[in-house]
Amino acid sequence: MAANTMVSGFLKKFKPEKKYKEPKLTRSEKKERFKKRLESLTPAEQKYLKRKQFFEAVWPVFRAVIVFGLCFIILYPLIFMVSSAFRPRAEMNDPTIMWIPKTFTMSNIKDAIRAMDFWNTLKNTLILNIGCSLVQVLTCALTGYGFARFKFKGKSILFFVVIMMILVPSQIILIPQYMFFRYFNPLGIYNMITGNYINLINTAVTMYFPAFTANGIRAGLFIYLFRQSFRGLPKELEDAAYLDGCSPFRTFVQVMIPNAGSTFLTVFLLSVVWYWNDYYVSTSFFTDNRTIALMLKNLDANLTRIIFDNGNIQVNVRELIVWMESGCLISITPMLIMYILLQKNFTEGIARSGLTGM
Amino acid sequence: MAKMHLSYEKKKGLYGYGFIALWFIGALMFFIIPVCQSFYYSFNDVKPETGYLAKSWVGLANYKRAFMTDPTFRQNLVTALENMAFNLPVIIIFSMFVAIIINQKFRGRTFARAVFFMPVIIATGPVYAIITGNLDTNGNNNAEQFSTMFETDMVDQLLEFVGIYGFGTKFTELLTTLTSDILNLVWKCGIQIIIFLSALQGIPTSAKEAAAIEGATSWEFFWKITLPYVSPMILVNIVYTVIDAFTDPTNEVMIRVLDVQSDWQYGYSAALAWSYFGIILAALGIIFAIMNKLVWYEGE
């Protein structure tokens, strides 16, 4: 095939191909042609052809309606979010306003930023959650590769543990984990020497330690994805590297990682998103933690405390929506920007990612 | 001999341990030991004391209490399982349908794909809670307001958005009951759609061409080509959906477990969680046994 295209490309240089143009037919001519064609066919074939023609005409319309409808349903909360985030609260009760407010205002957004202490919260979230998610991608990749390409004793039992990590909800093991961090006892001898425990609650260690050992949020799923994707890559890649005297670790870094780009992207995106939206783990080991998801969860209370604290302002439920939606909007904006930048690679890359290899 | 001689395979095996060592240390500390401890708690009466948890062995008492005397747990369990049984086929069929649609070529496909996967980015966490109106924070008793706003008017909104007013009320009512759940449905299907889409793109061109030459209609193509090729992924999706529903902190049983847990009854909450987990595993096992016979694997 390659030779063929080369030849045709070669020919093109000298003799530009003349495109065959179908003579333009009017509608009636087309119909007549189709009739003639039908006559030459058996009844069963005619029926098939007619049905196919009907289906081909109707389906795109049907599909367009469905796609439009579903897109609308998905985007509806977002449209509503943008629409109400920028409108003055009085206009929430105005029945003449459907989508576009009469006056635009930034005050809701400003209030929400103040109530959420947004910039500090963002900084904290980036350091804590995003940092963890990045570390986790790397360690999960390492583990996934170990499971994909090496034979060792006990591998199936260990992989069963990975599957159990996907199955067991983190809530079940929360209390033992809490006790572990609250009364941290390195190597089991720290207590014997000093008679004390180290209290790790309220430190970033509680987030980074699991992430660093590939046990963070939904780590089991990521290990599984990486394993599938590394298994799907051709073995010759590594064999070539080994023959050239590469150590397995160097092979992993220099040969396997570049070839698993789309999986890395998928896992990276999911990991970042799940860490960004997490509030369960980041509340469990912290008494006062400020991440975007948490601040958004407590936005209601914070609004009352910070914005309406003088008691003069009476805000009814419907008006409160503008602040809630503003808070939502500013907290999803970073994720949305990232998604818009990466979405083409993400949605197109999925086909080649490890998901297919299951 | 000072230097050990290992065969190539054994050496590689050792490297394998090296690759998973980090994870293994973590899994031991953050998963295996906690899981065993939590299982042990479920047979104990656990009371928190400073520095440790005071445990006293009670045998199966916690489990007996869960199934015999607890007034809400059984009910929660039934509700959760019912919801799952109802949602599971809907989610699977719906996400397959959407995946087939966005796998076709049409104008605006990239946009449609981006939109369909967007819930994956946003649907977890408090944003989803605010959007669907179940946000339950202190002093907020107006969750009803949010939810009705988003659910009941969906069809009307859509029609008004397109410019149709005063459409037949019976028709909208019917659609409303359907669509009141569609928001939840669509927002939950992102991952499933992704998995199906990747499976659809894995269908070999040779099969497609053969079907086209034989003159298969789209209907036949779906049943005889698409479905067999996608069937392993249906199983994967079922497992994923069940687990997702099961580990969701907003489902009834999970809420109950966490309530009991914050009530300092660690032993009892562990027993609740483990019995729930056991039931889910049994359900998954049954589904697996049935589906495994129906699933078609290429090359068999």
Pairs where the first residue, in the range A:260-279, is farther than 17 Å from A:Arg227 by Cβ and the second is charged (D, E, K, R), C-beta under 8 Å, 6+ apart: A:Trp274/A:Arg218; A:Tyr279/A:Lys297
Taking B:Ala99, is it of a type in the set (Gly, Ala, Ser), closer than 25 Å to B:Cys189 by Cβ and within 14 Å of chain A (Cβ to nearest Cβ)? yes
Among the candidates B:Lys11, B:Lys64, which residue alone is within 13 Å of another protein chain (Cβ to nearest Cβ) and either of a type outside the set (Val, Ile, Thr) or more than 30 Å from A:Ala211 (Cβ to Cβ) (or both)? B:Lys11
Residue check for A:Pro210: farther than 30 Å from B:Phe39 by Cβ and buried (at least 18 other Cβ atoms within 10 Å of the Cβ): no
Limited to the range A:265-298, what total is found for residues that are out of contact with any helix residue (DSSP H, G or I) (no Cβ under 7 Å at 6 or more places or on another chain) and either in a loop (DSSP other than H, G, I, E, B) or farther than 16 Å from A:Thr206 by Cα (or both)? 6
Go through the residues of the range A:149-156 one by one and say whether even a single one is without any contact (Cβ under 8 Å) to a residue 24 or more places away in the chain, of a type in the set (Gly, Ala, Ser) and at the interface with chain B (Cβ under 7 Å from one of its Cβ atoms). no
Has the range B:280-294 got at least one residue that is without any contact (Cβ under 8 Å) to a residue 60 or more places away in the chain, farther than 29 Å from A:Tyr224 by Cβ and aromatic (Phe, Trp, Tyr)? no
Which numbered condition trips up A:Gly245, out of (1) modelled with pLDDT of 80 or more; (2) within 11 Å of another protein chain (Cβ to nearest Cβ); (3) not in a helix (DSSP H, G or I)? (2)
Criterion violated by B:Val98 - all others in (1) more than 30 Å from B:Leu200 (Cβ to Cβ); (2) in contact (Cβ under 8 Å) with a residue 24 or more places away in the chain satisfied: (1)
Given the conditions (1) within 14 Å of chain A (Cβ to nearest Cβ); (2) at pLDDT below 80; (3) buried (at least 17 other Cβ atoms within 10 Å of the Cβ), every one holds for B:Asp70 apart from (1)
Hey, does the range B:288-300 have a residue that's farther than 30 Å from A:Leu174 by Cβ and either surrounded by 13 or more Cβ atoms within 10 Å (Cβ to Cβ) or facing chain A (nearest Cβ under 10 Å) (or both)? yes
Just checking, how many residues over the range A:208-254 are polar (S, T, N, Q) and in contact with a Phe, Trp or Tyr (Cβ under 7 Å, 6 or more places away or on another chain)? 3
Would a scan of the range A:86-95 turn up a residue that is modelled with pLDDT of 80 or more, part of a helix (DSSP H, G or I) and among the polar types (S, T, N, Q)? no
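May I ask you to list the residues in the range A:131-181 that are of a type in the set (Val, Ile, Thr) and surrounded by fewer than 16 Cβ atoms within 10 Å (Cβ to Cβ)?
A:Ile157, A:Ile163
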Within the range B:17-48, restricting to residues that are surrounded by 15 or more Cβ atoms within 10 Å (Cβ to Cβ) and not in a helix (DSSP H, G or I), the one that is nearest to the chain's Cα centre (by Cα) is B:Ser42
Tell me which of these B:Val260 doesn't satisfy, since it passes every other one: (1) touching a residue at least 60 places away in the same chain (Cβ under 8 Å); (2) within 12 Å of chain A (Cβ to nearest Cβ). (1)
Has the range B:49-69 got any residue that is of a type in the set (A, V, I, L, M) and under 21 Å from the mean Cα position of the chain (by Cα)? no
Would you mind stating whether A:Phe54 is at pLDDT below 85, in a helix (DSSP H, G or I), surrounded by 15 or more Cβ atoms within 10 Å (Cβ to Cβ) and of a type in the set (Phe, Trp, Tyr)? no
For A:Lys344, the lone unmet condition from (1) surrounded by fewer than 20 Cβ atoms within 10 Å (Cβ to Cβ); (2) touching a helix residue (DSSP H, G or I) at 6+ places or on another chain (Cβ under 9 Å); (3) at pLDDT 65 or above; (4) in a loop (DSSP other than H, G, I, E, B) is (4)
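Can you name every residue in the range B:212-234 that is within 20 Å of A:Phe55 (Cβ to Cβ) and within 13 Å of another protein chain (Cβ to nearest Cβ)?
Step one: of the range B:212-234, the residues within 20 Å of A:Phe55 (Cβ to Cβ) are B:212-227.
Result: B:Ala212, B:Glu214, B:Gly215, B:Ala216, B:Thr217, B:Ser218, B:Trp219, B:Glu220, B:Phe221, B:Phe222.
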Take the residues in the range A:37-51 that are of a type in the set (S, T, N, Q) and not in a helix (DSSP H, G or I); name whichever of them is farthest from the other protein chains (Cβ to nearest Cβ). A:Ser40
Based on what the data block shows, is A:Leu38 surrounded by 10 or more Cβ atoms within 10 Å (Cβ to Cβ) and either polar (S, T, N, Q) or at pLDDT 65 or above (or both)? yes
What helices (runs of 4 or more DSSP H), lying completely within the range B:190-300, carry at least 3 residues that are aromatic (Phe, Trp, Tyr) and modelled with pLDDT of 80 or more? B:227-247, B:266-294
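The values are calculated or read from the model by the stated rules, or taken from the named source; none is laboratory data. Everything numeric here is computed off the predicted structure, so don't read it as measured data. Heads up, the Cβs are rebuilt from the backbone with ideal geometry, glycines too, and the neighbour counts pull from every protein chain shown.
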